[in-house]
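Engineer: Next up is a structure, given as structure tokens.
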Amino acid sequence: MPQLTVALDMMGGDFGPPVTVPAAAQALSLLPDLHLHLFGSRAALSPWLERCNLTAHERVRVHYCTQQVTNEHKAGYALRHLPDSSMCRALNALSAGEAQACVSGGNTGALMAMAIKVVQTLPGVDRPALITRLPQADGSHALLLDVGANVCCDAGQLVQFARMGDAVARHVLSQQNPRVMLLNVGAESNKGYEAVRQAARRLNELPALNYQGYIEGNDLFAGTAEVIVCDGFVGNVALKTSEGVARLLLGAGKRRGFWWTLLGVWLKRRLSHLNPDQYNGASLIGLRSSVVKSHGSAGSPAFLNAILQAVVETEHQLPAKIAHLFDTAPQDSHAR
């Protein structure tokens with residue numbers, strides 16, 4: 001792998017440097033050509049850099065910041081008043097070409113607003129979407145988008161999400177003809193709200209997409225689609241509900257009693273592929289460069305997976321391939 005530089009918001013998420021610094025150290029040990037730009041508070045970051053032997057690491061540049069975006073900050077406030085935050089500085093490094101990808105576990109709304117302003121969307125894309133992988137019953141993966149960046153979407157945005165998801169499935173999951181479906185409350189053509197029904201009609205008119213109709217929530221893991229499209233409200237609820245069920249099953253052994261312990265061991269062996277930490281890292285696709293959003297509650301192994309996701313996207317030149325798709329694919333005749 002040629003030299004790749006990733007900018008990390010070290011203050012994002014619920015825990016900050018106690019999680020992000022060990023993850024950065026492990027990423028450096030796994031990828032000898034990886035370079036990191038670390039952004040964060042001197043007081044919070046310095047002790048952990050010393051503990052993990054990153055203070056003078058030859059592939060690390062540390063940038064100290066005086067501000068931090070918290071979960072309480074509204075997106076507009078963060079955009080206007082926190083230019084020296086670790087999140088904004090990391091995105092600026094991406095925009096300036098000092099890094100090829102950025103990872104943050106911070107406030108989703110603020111990250112979205114800052115990324116749109118600083119990194120900018122690709123031509124032809126109205127709004128970026130958060131996309132993540134879902135494990136499937138047959139051992140493969142499906143892509144779900146949007147999972148929280150756009151709470152309310154119109155039909156045109158859902159169509160754009162479908163096209164971008166198709167590109168990710170082809171270039172990252174190596175799917176030759178990915179099946180695209182809309183997440184809905186039923187399989188019948190008259191089900192769902194108007195934006196979903198309009199999107200379905202438009203997707204049927206795009207021959208470049210292998211659109212297969214509606215999918216219901218009980219089939220999210222059935223292996224019937226490679227790309228599942230919905231608005232950010234529905235997608236976020238579906239994703240977090242799924243993660244909650246997975247953690248419930250994987251945590252069964254924590255209950256008292258011999259049989260609960262035995263059940264927990266069996267479930268962990270059989271269902272280890274469902275561990276949400278393995279799928280941490282929702283990509284904010286539709287931007288000119290790769291931006292990956294880590295779960296705010298992620299631990300170090302999960303944050304490491306978000307860094308690795310950013311590396312994979314950059315190696316596949318995903319933003320450029322999505323841009324090419326919008327340049328060459330037939331345009332939706334109903335586009336606004």
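The values are calculated or read from the model by the stated rules, or taken from the named source; none is laboratory data. Just so it is clear, the model here is predicted, and its values are computed rather than measured. Every residue, glycine among them, receives a Cβ derived from its backbone with ideal geometry; neighbour counts consider all protein chains shown. The protein model used for the area step is the full one, side chains on, heavy atoms only, and it has no ligands, DNA or RNA in it. Shrake-Rupley method; radii C 1.70, N 1.55, O 1.52, S 1.80 Å.
Engineer: Just order 10-18, 41-49 by mean Cβ neighbour count inside 10 Å, highest at the front, would you? Each step should come with its number before you reach the end.
Structural biologist: Numbers: 10-18: 22.4, 41-49: 17.1.
Result, highest mean first: 10-18, 41-49.
Engineer: Quick check on segment 26-125: take the gyration tensor over C-alpha atoms, sort the square-rooted eigenvalues as a ≥ b ≥ c, and tell me if it's rounded (a/c under 1.5), prolate or oblate.
Structural biologist: Numbers: a/c = 2.40, a/b = 1.41, b/c = 1.70.
Oblate, because a/c is 1.5 or more while a/b does not exceed b/c.
Engineer: If each DSSP helix of 4+ residues adds -39,500 (n - 2.57) and the sum is divided by the residues in the chain, what number results at 222 nm, nearest 500 deg cm²/dmol? Before the final figure, lay out the partial values.
Structural biologist: Working: 11 runs with 139 residues, N = 336.
Helix contribution divided over all residues of the chain: -13000 deg cm²/dmol.
Engineer: OK, next. Calculate what fraction, in whole %, of the accessible area of the chain sits on carbon and sulfur atoms when a 1.4 Å probe is rolled over the protein chains. Can you show the working numbers first?
Structural biologist: Working: 7940 of 15220 Å².
Ligands and nucleic acids excluded, carbon and sulfur reach 52 percent.
Engineer: What distance in nm separates the two pseudo spin-label positions at Asp327 and Asp14, each 7 Å out from Cα along the beta-carbon direction?
Structural biologist: Those two pseudo-labels are separated by 4.3 nm.
Engineer: Just tell me the longest site-free run in the chain, where the sites are GluC sites (Glu not before Pro) in a DSSP loop having at most 12 other beta-carbon atoms within 10 Å.
Structural biologist: Numbers: sites that count: Glu58, Glu72, Glu188.
Value returned for the longest uninterrupted segment is 189-336.
Engineer: How do Phe326, Phe221, Phe233 stack up against each other in accessible area, from largest to smallest, with a 1.4 angstrom probe? Could the numbers behind the result be given before it?
Structural biologist: Working: Phe326 15, Phe221 75, Phe233 125 Å².
Of Phe326, Phe221, Phe233, the descending order of accessible area is Phe233, Phe221, Phe326.
Engineer: Averaged per residue, what accessible surface does the chain expose to a 1.4 Å probe, in Å²? It would help to have the intermediate numbers written out before the result.
Structural biologist: Working: 15220 Å² over 336 residues.
I get 45 Å² per residue for this part.
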